[in-house]
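Below: one structure, written as structure tokens.
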């Protein structure tokens with residue numbers, strides 16, 4: 001299994017500002033993903049964080065709004081840009097190991113935009 | 001887009017009873033996984049069942065998979081108050097690289 005450290009665990013931000021969320025894994029993993037969970041909803045995949053190249057975004061998510069970095073195999077960041085109250089959600093980092101079996105999740109970042 | 005659909009959306013039972021949650025999906029999969037989430041925190045992986053498996057056990061958990069019906073069930077036996085949480089199924093579609101498609105989840109409440 002992988003141990004994932006996600007920071008911050010929660011934040012309250014002003015609209016129009018940006019927040020960068022960090023995800024650190026204790027071992028090298030092949031795939032890293034970012035999910036969003038809106039209040040009372042299930043998880044929706046935002047993007048796949050690719051090491052050394054641009055992330056692959058799912059339909060409805062764009063790089064200008066959710067820029068993602070992955071400089072190495074154990075670290076990734078997700079930025080939520082120009083925030084509005086609709087961005088209030090839990091954002092979760094997920095990793096999959098070499099065998100691409102079960103996915104492991106960070107504890108999530110609970111974002112509230114006021 | 002979401003592929004998994006769980007039912008029921010909410011389930012309330014007494015401690016000691018069994019809880020059964022169902023999940024349906026739409027496309028071919030490599031595997032199906034069940035996760036638990038306590039009060040909007042991170043997800044805890046419970047069990048993975050591969051597409052060529054029909055049933056799997058882990059402690060008080062029993063998962064079945066019917067690929068012909070594209071459905072799965074999670075049974076928690078002898079439930080405890082600590083089992084109170086939301087439970088999600090997630091599919092790993094064939095051809096994916098580990099990105100999961102989550103169902104809407106079942107909110108389980110176990111009353112002591």
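When every residue of the range B:93-105 is checked against the conditions, none turns out to be more than 18 Å from residue A:104 (Cα to Cα), assigned to a loop (DSSP other than H, G, I, E, B) and away from every other protein chain (no Cβ under 14 Å). The set of residues in the range A:76-99 being at pLDDT below 95 and surrounded by fewer than 16 Cβ atoms within 10 Å (Cβ to Cβ) consists of A:98, A:99.
Checking each residue in the range B:51-80 for being in a strand (DSSP E or B) and surrounded by 14 or more Cβ atoms within 10 Å (Cβ to Cβ) picks out B:56, B:61, B:62, B:63, B:64, B:65, B:71, B:72, B:73, B:74, B:75, B:76. Taken as a whole, the condition of being at pLDDT 95 or above, out of contact with any helix residue (DSSP H, G or I) (no Cβ under 8 Å at 6 or more places or on another chain) and not in a strand (DSSP E or B) applies to residue B:16.
Selection of strands (runs of 3 or more DSSP E) fully inside the range A:1-94 by the criterion of at least 1 residues being away from chain B (no Cβ under 14 Å) returns A:10-13, A:19-25, A:68-72, A:75-80.
The values are calculated or read from the model by the stated rules, or taken from the named source; none is laboratory data. Fair warning: this is a prediction, and the values are worked out from it, not measured in the lab. A quick note on method: Cβ atoms are made from the backbone with ideal geometry, for glycine too, and the neighbour counts reach across all protein chains shown.
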